[in-house]
Amino acid sequence: MNSCLSLQIDDGIAIITIDVKGETMNTLKDGFADEARDIFSRVKSDSTIKGAVVISGKPDSFIAGADINMISDVQSAEEASDLSRLGHVNMNAIEHCGKPVVAAIHGPCLGGGYELALACHARIVSDDKKTILGLPEVMLGLLPGGGGTQRLPRLIGVAKALDLMLTGRQVKALKAYKMGMVDEIVPQPILLQTAIEKVKGLLNGKKNRPRKLTLQDRLLEKNPVGLSLVFSQALKTVLSKTKGNYPAPIRIIECVKTGLKQGLEKGCALEAKRFGELAVSPESRQLIGIFQASNDLKKESFVEDEQVTARSIKNLGILGGGLMGAGIGFVSLDRADCDVRVKDLNQEGINAARKHIYDQYAKKTKRKSMTRSQANQQMARFSGSTSYDGFAKADLVIEAVFESLDLKRQMVQDIEKNCRRDTIFATNTSSLLVTDIAKGAARPGNVIGMHYFSPVEKMPLLEIIVHEGTDDCVTASAVELGRKQGKTVIVVKDGAGFYVNRILGPYMNEATWLTQEGIPFDQIDKAMLQWGFPVGPIALLDEVGVDVAYKTEANLIHAYGERMKSSGAGEKMIADGRLGKKVKKGIYLYGGKSKEKKIDPEIYKLLDITPNKTMPPEQIAERCILPLVNEAVRCLEEGVIRCARDGDIGAIFGIGFAPFRGGPFRYIDALGADQIVQKLQNLEAKFGERFKPAESLLKKAKTGEKYYS
């Protein structure tokens, strides 16, 4: 590989610049270790060098972590462990070079990048919003393999370090400073000079600011009993959240514990061993596959003509100030750098949207991820109106109103009348066809679907729906906006349910069929949580709203036939006013003091169900998952999604399909199409057409072909 490290000496201070050629972001690639060894060997041996600063040559990237391809290419646990050991050698060389080394950080400093910074003797960060720090390896089924499990707890305390490593949470510069992850925070233009002054200060005996622990942290971490409590609570939390499906968090706790009890050397030795084991685990392989797929997805324009470019969306209009509209407004202000104007029927709706956005910024200031002044500056870019005043300059307008075809068509006409000719109209519909909404439009090419998921601030997926007449430029612009909003974007063909709701329908329907057989509601939810979903299908029904789910089901039945039919419980529940959580009356009880959710026993009487049967959790999961997987295959057959990768991304980020299982198509590959078909056919013989295998799945079962080579 080309050299990615260079060294210049400025008044006795070595300026070590990291710049991976041909890449927009620095990553630790194969060969970096050898270069780093040589560079720091020179720093140590050259008497003219008194200290060093490590800085990036990229405009907005320190080091984003290790090159994932380098990890995914390893063939054995020992090979992966060797990568970790090599990292330890280099980090130790920095820490023990005998001269002060300061990391000057601007832009992402993640994974191996932050581990390198931890090995330095001080860390200075820019106050730029692009600067983020963390050890997110757990998100890939891994643990920090460059000494992170050992150095971070010693720097900021065990409890805070475990929280960062077990969640993979990334924090902005100000928050990192408050937590003690870095020593100073300065404006980016003076970053290098401040780092140089820091080296000189360390040479003159100045110390870093003292490590600050709260009284509670000191009580817990400074005695064996307290420390044991920290670890046991961390393990309890991990098992509660992961149901034991992810080995990496447990290994992180083990490595931290070993290092604190037996010393850094023993801790690093275990870290390397466990890193190797995790790197070749099926869970990590699937998670890395999804990560790589997400990165590949970010590079696509989703249009065939490479000459088409996205328009710059700076002024965004939103129709409807409800939770969805307000959520879209927040991510557009906060992440996409848009001015946002909301139109609602009355001032109360606008005020509600403003309050929702204000509350989101209040959370950010409370977490120390931004200052109140910064939040106020963002809020100043929000405005509202009960008319179309101010919409003339809108680049794109998103409607987030009641699911009425007539109303949405009227809004298309209103936007065409009150906005520019090139203003894009995006509908956030979840149940209507975008094709139908575009009918009657003077400029149907400007109409597109942008299906957000609630809550918008948290749900990562954006499903963009194109109808046959959507202009390529409109598609490219919607995709670009979605990415700036921080969304993972897939583009799908117009059709009932699009992709996400279409595969979700059979999954939730099957849960209702299971209840008709006498399986208790909560037993079904527990089985799906154990399988890897973040929420069970019954709880999800309450969250979505029974009336909404019933309307979606009707659309799916109309489009795809009887296989989309549920047990019929929805009609009875709607008649009884049991619409779910929004009315505090559904399948679960609401309003109680207990945190544990309980089923309302009255629901069984209403639905004439006797919940006296039991079924193994894996059998419940199979019944719910197989219809979902089968429908995903049909979506691929029909061109609703372009490829298996898009289908896996949509299922994981849209409905919470267990990431460690890789998505519907990777799941088929892992089990084998022949096994999936056999299971479906057995269920079809017992329960009928809703389990009939998709045609292309039958073909793959015969040929042994996989979706991923």
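At-a-glance table
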read-out	value
Residue satisfying all of: in the stretch 474-489; in contact with a strand residue (DSSP E or B) (Cβ under 7 Å, 6 or more places away or on another chain) and either small (Gly, Ala, Ser) or assigned by TED's automatic domain parsing to the domain that holds Ala651 (or both); surrounded by the most Cβ atoms within 10 Å (Cβ to Cβ) among these	Ala478
Evaluation of Ala117 against (1) under 29 Å from the mean Cα position of the chain (by Cα); (2) part of a strand (DSSP E or B); (3) of a type outside the set (S, T, N, Q) (one fails), failing number	(2)
Answer from Gln360, Gln413, Gln378 - the residue that is more than 27 Å from the chain's Cα centre (by Cα), polar (S, T, N, Q) and modelled with pLDDT of 95 or more	Gln413
Odd one out for Gly656 among (1) under 22 Å from Thr242 (Cα atoms); (2) surrounded by 23 or more Cβ atoms within 10 Å (Cβ to Cβ); (3) out of contact with any helix residue (DSSP H, G or I) (no Cβ under 7 Å at 6 or more places or on another chain)	(2)
Ile49 more than 19 Å from Gly113 (Cα to Cα), part of a loop (DSSP other than H, G, I, E, B) and of a type in the set (Val, Ile, Thr)	yes
Candidate set: the stretch 19-47, residues that are in contact with a Lys or Arg (Cβ under 8 Å, 6 or more places away or on another chain) and of a type in the set (Val, Ile, Thr); chosen: the one surrounded by the most Cβ atoms within 10 Å (Cβ to Cβ)	Val20
Within the stretch 586-599, tally of residues that are in contact with a helix residue (DSSP H, G or I) (Cβ under 9 Å, 6 or more places away or on another chain) and either charged (D, E, K, R) or in a loop (DSSP other than H, G, I, E, B) (or both)	5
Selection within the stretch 430-446 - under 31 Å from the mean Cα position of the chain (by Cα), within 23 Å of Lys551 (Cα to Cα), modelled with pLDDT of 95 or more and not hydrophobic (A, V, I, L, M, F, W, C)	Thr435
Residue in the stretch 91-100 that is crowded, with 18+ Cβ neighbours inside 10 Å, of a type in the set (A, V, I, L, M, F, W, C), in contact (Cβ under 8 Å) with a residue 12 or more places away in the chain and touching a strand residue (DSSP E or B) at 6+ places or on another chain (Cβ under 6 Å) present	yes
All positions within the stretch 193-216 that are under 34 Å from the mean Cα position of the chain (by Cα), surrounded by 18 or more Cβ atoms within 10 Å (Cβ to Cβ) and assigned to a helix (DSSP H, G or I)	Ala195
Within the stretch 156-187, considering residues that are assigned to a helix (DSSP H, G or I) and surrounded by fewer than 18 Cβ atoms within 10 Å (Cβ to Cβ), the one farthest from the chain's Cα centre (by Cα)	Lys178
Whichever residue in the stretch 308-324 is closer than 16 Å to Ala392 by Cα and in contact with a Cys (Cβ under 8 Å, 6 or more places away or on another chain) and, among such residues, is surrounded by the most Cβ atoms within 10 Å (Cβ to Cβ)	Gly317
Any hit, the stretch 53-65, residues being in contact (Cβ under 8 Å) with a residue 12 or more places away in the chain, of a type outside the set (Lys, Arg) and over 28 Å from Gly168 (Cβ atoms)	yes
Among residues of the stretch 337-363, those that are acidic (Asp, Glu), in contact with a Gly (Cβ under 7 Å, 6 or more places away or on another chain) and either exposed (fewer than 13 other Cβ atoms within 10 Å of the Cβ) or part of a helix (DSSP H, G or I) (or both), counted	0
Answer residue from the stretch 568-579, given it is under 19 Å from Glu510 (Cβ atoms) and crowded, with 17+ Cβ neighbours inside 10 Å and is nearest to the chain's Cα centre (by Cα) among those	Gly570
First in the stretch 151-175 and assigned by TED's automatic domain parsing to the domain that holds Glu271 and more than 17 Å from Ser228 (Cβ to Cβ), second anywhere and aromatic (Phe, Trp, Tyr) and in a helix (DSSP H, G or I), Cβ under 9 Å, 6 or more apart	Leu152/Tyr114
Test: Val138 is over 18 Å from Ala93 (Cβ atoms) and assigned to a strand (DSSP E or B)	no
Matching residues in the stretch 262-307 - criterion: being more than 24 Å from Glu95 (Cβ to Cβ), crowded, with 16+ Cβ neighbours inside 10 Å and over 23 Å from the mean Cα position of the chain (by Cα)	Glu277, Val303
Qualifying residues in the stretch 10-26 (those that are under 36 Å from the mean Cα position of the chain (by Cα) and touching a residue at least 60 places away in the same chain (Cβ under 8 Å)) - the one farthest from Pro100 (Cα to Cα)	Met25
Cross-chain or 6+ apart pairs with Cβ under 6 Å, the stretch 246-272 first and of a type in the set (Lys, Arg), then buried (at least 23 other Cβ atoms within 10 Å of the Cβ)	Arg251/Leu143; Arg251/Arg274
Residue satisfying condition, being in the same structural domain as Tyr667 (by TED's automatic domain parsing), closer than 19 Å to Leu607 by Cα and of a type in the set (A, V, I, L, M, F, W, C), within set Ala539, Ala559, Ala554, Ala527	Ala539
Out of Lys484, Lys408, Lys493, sole residue that is closer than 21 Å to Glu304 by Cα, touching an Asp or Glu at 6+ places or on another chain (Cβ under 8 Å) and of a type in the set (Lys, Arg)	Lys493
Looking only at the stretch 683-698, and only at residues there that are surrounded by 13 or more Cβ atoms within 10 Å (Cβ to Cβ) and free of Cβ contacts under 8 Å to residues at least 60 places away in the same chain, the one that is nearest to Met564 (Cα to Cα)	Glu684
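The values are calculated or read from the model by the stated rules, or taken from the named source; none is laboratory data. All values reported here derive from a predicted model rather than from experimental measurement. When we count neighbours, we look across all protein chains shown, and the Cβ atoms used for this are built from the backbone with ideal geometry, even at glycine.
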